[in-house]
Amino acid sequence: MFQMNFPRPSNFPFPLEGEIKCLHHDELLRLTEVYRLSFEEKKGKRYRRKERARHWLIFLLLRYTGARVSEVIKVDDLRDIDFREAMVTLPTLKRHSPHKKGLKRTIPLPAQFLGEMGRVLAEYPALRGSIFRCHRSTVFRYFKARAKEAGLPSHLCHPHVLRHTRALELLRAGVPVTIVQELLGHASLTTTAIYLRFSGREMKEILKDRGLI
């Protein structure tokens with residue numbers, strides 16, 4: 001059975017007073033389980049099962065990389081995923097300067113993702129070379145359906161919440177903000193720094209946790 005090996009922090013992720021839409025730990029677990037069960041469901045036509053497998057891997061890649069949907073669906077699994085090094089090369093979109101177009105970034109992948117990708121390809125070898133090829137609107141619709149099934153509120157039923165959630169997860173784990181910037185493909189450190197805003201309650205909790213008050 002697929003398992004997430006990330007330990008649960010005491011308050012993951014810290015809410016940012018409505019500024020950033022993100023998933024709490026339990027919400028992320030519920031959503032992951034709904035996607036997994038959808039993938040493993042054996043009922044229905046084989047074509048439908050194959051598409052559910054595709055969406056399962058798209059979800060996992062979004063979840064573990066914090067990438068944009070438009071970046072993930074451009075991934076060529078034959079060219080861009082290095083199983084030996086456990087890395088994926090992603091196009092970096094939304095860079096507005098002409099000289100920054102065509103940039104790519106390389107992101108480490110967890111063993112869980114590579115294991116699931118191997119399992120999907122073993123069952124559906126015809127997906128090799130096009131496993132992430134999907135229209136972005138289809139990804140949005142599928143995510144919204146699974147999010148509702150997981151009991152998420154409507155404002156969290158959009159795949160971009162995975163990007164925000166991953167950013168906060170990395171920062172709360174102590175990953176330097178410059179590395180998070182590179183992983184997310186932000187053009188400016190100022191964009192990444194938005195995730196570092198704390199409420200007064202959060203600052204108090206952090207200072208207490210560090211023994212500073």
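The values are calculated or read from the model by the stated rules, or taken from the named source; none is laboratory data. Only a predicted model underlies this, so the values are computations on that prediction, with no experimental measurement involved. Heads up, the Cβs are rebuilt from the backbone with ideal geometry, glycines too, and the neighbour counts pull from every protein chain shown.
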Residues located in the range 136-157, provided they are within 18 Å of TRP56 (Cβ to Cβ) and touching a residue at least 60 places away in the same chain (Cβ under 8 Å)
ARG136, VAL139, PHE140, TYR142, PHE143, ARG146, ALA147, GLU149, ALA150, LEU152
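Quick check on this structure: which one of ARG54, ARG49 is surrounded by 15 or more Cβ atoms within 10 Å (Cβ to Cβ), in contact with an Asp or Glu (Cβ under 9 Å, 6 or more places away or on another chain), at pLDDT 90 or above and among the basic types (Lys, Arg)?
On the way: ARG54 fails: in contact with an Asp or Glu (Cβ under 9 Å, 6 or more places away or on another chain).
None of the others qualify; the one that does is ARG49.
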Yes/no for LEU37 being modelled with pLDDT of 90 or more and touching a Leu at 6+ places or on another chain (Cβ under 7 Å)
no
For a quick check of your reading: which helices (runs of 4 or more DSSP H) sit entirely within the range 150-197 and have at least 2 residues that are crowded, with 17+ Cβ neighbours inside 10 Å?
160-172, 177-184
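Can you tell me how many residues in the range 94-112 are outside any loop (DSSP other than H, G, I, E, B), modelled with pLDDT under 85 and surrounded by 11 or more Cβ atoms within 10 Å (Cβ to Cβ)?
Adding up the residues that qualify gives 1.
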